[in-house]
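The values are calculated or read from the model by the stated rules, or taken from the named source; none is laboratory data. Since this is a predicted model, take the numbers as computed values, not measurements. Note that we place each Cβ from the backbone using ideal geometry, even for glycine, and neighbour counts take in every protein chain shown. These area figures cover heavy atoms from the full protein model, side chains too; ligands, DNA and RNA do not enter into them. Shrake-Rupley method; radii C 1.70, N 1.55, O 1.52, S 1.80 Å.
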Amino acid sequence: QALPVLFKHWLKDEEVEEGGTAVLRCELTKPDAPVEWRKGDTVLQPSDKYEIRQEGTRVELFIYDAEAQDA
């Protein structure tokens with residue numbers, strides 16, 4: 001039976017000026033595990049606003065042109 005994927009490093013709060021780019025990072029216990037980034041019930045999809053990068057166990061979400069409602 002496979003072990004579950006866990007967080008090795010949890011997300012940390014990130015502060016950024018409006019119009020800037022926020023970067024959220026986490027690290028998992030297994031490489032290339034599927035990850036969903038969410039804001040409330042909404043699953044975030046790659047777009048001009050959001051970039052999702054995953055390399056091995058490291059996963060990053062870039063939020064471009066940050067606004068107050070991105071909190």
Restricting the search to region 1-17, which residues are open to solvent by 100 Å² or more (accessible area, probe 1.4 Å), touching a Cys at 6+ places or on another chain (Cβ under 7 Å) and outside any strand (DSSP E or B)? 10
Going through (1) touching a Cys at 6+ places or on another chain (Cβ under 8 Å); (2) of a type in the set (A, V, I, L, M); (3) open to solvent by 60 Å² or more (accessible area, probe 1.4 Å) one by one, residue 68 fails only at (1)
For region 40-65: of the residues being loosely packed, with under 14 Cβ neighbours inside 10 Å and in contact (Cβ under 8 Å) with a residue 12 or more places away in the chain, which is nearest to residue 5 (Cα to Cα)? 56
Is at least one residue of region 20-30 out of contact with any Pro (no Cβ under 9 Å at 6 or more places or on another chain), in a loop (DSSP other than H, G, I, E, B), surrounded by 11 or more Cβ atoms within 10 Å (Cβ to Cβ) and among the aliphatic types (A, V, I, L, M)? no
